[in-house]
Amino acid sequence: FNTKLAIESFPYVIKGIGYTLLISFVSMFAGTVIGLFISLARMSQLTLLRWPAKLYISFMRGVPILVILFILYFGFPYIGIEFSAVTAA
């Protein structure tokens, strides 16, 4: 165990913990808000709201999340949409 390397790397670890917490809280908040609106649309009596919500829910349940992430991360740059490191994480 190299203690000098551990001490030199400590600021990067702290910075990484900060980014991890930021991404976690933003993801939880965004997921809660989006999920609330999709669930309200799914329970709506209006067909115009209910069917797109049903399709979205069926798609998200049926496709593995890793496939969606690969499509987003590797596919979007082909159409000109670039991600920062934090956005990609």
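Criterion applied to 30, 53, 41 was being small (Gly, Ala, Ser), touching a Ser or Thr at 6+ places or on another chain (Cβ under 9 Å) and assigned to a helix (DSSP H, G or I), and the one residue passing it is 53. From the list 49, 36, 5, 40, the lone residue that is hydrophobic (A, V, I, L, M, F, W, C) and either in contact (Cβ under 8 Å) with a residue 24 or more places away in the chain or exposed (fewer than 10 other Cβ atoms within 10 Å of the Cβ) (or both) is 5. All of (1) more than 29 Å from residue 84 (Cβ to Cβ); (2) surrounded by 10 or more Cβ atoms within 10 Å (Cβ to Cβ) hold for residue 10 with one exception: (1).
Does residue 60 satisfy the condition of being surrounded by 10 or more Cβ atoms within 10 Å (Cβ to Cβ), in a helix (DSSP H, G or I) and at pLDDT below 95? Spelling it out, residue 60 is indeed surrounded by 10 or more Cβ atoms within 10 Å (Cβ to Cβ), in a helix (DSSP H, G or I) and at pLDDT below 95.
The values are calculated or read from the model by the stated rules, or taken from the named source; none is laboratory data. Quantities reported herein were computed from a predicted structural model and do not represent experimental measurements. Neighbour counts run over all protein chains shown; Cβ positions are idealised from the backbone, glycine included.
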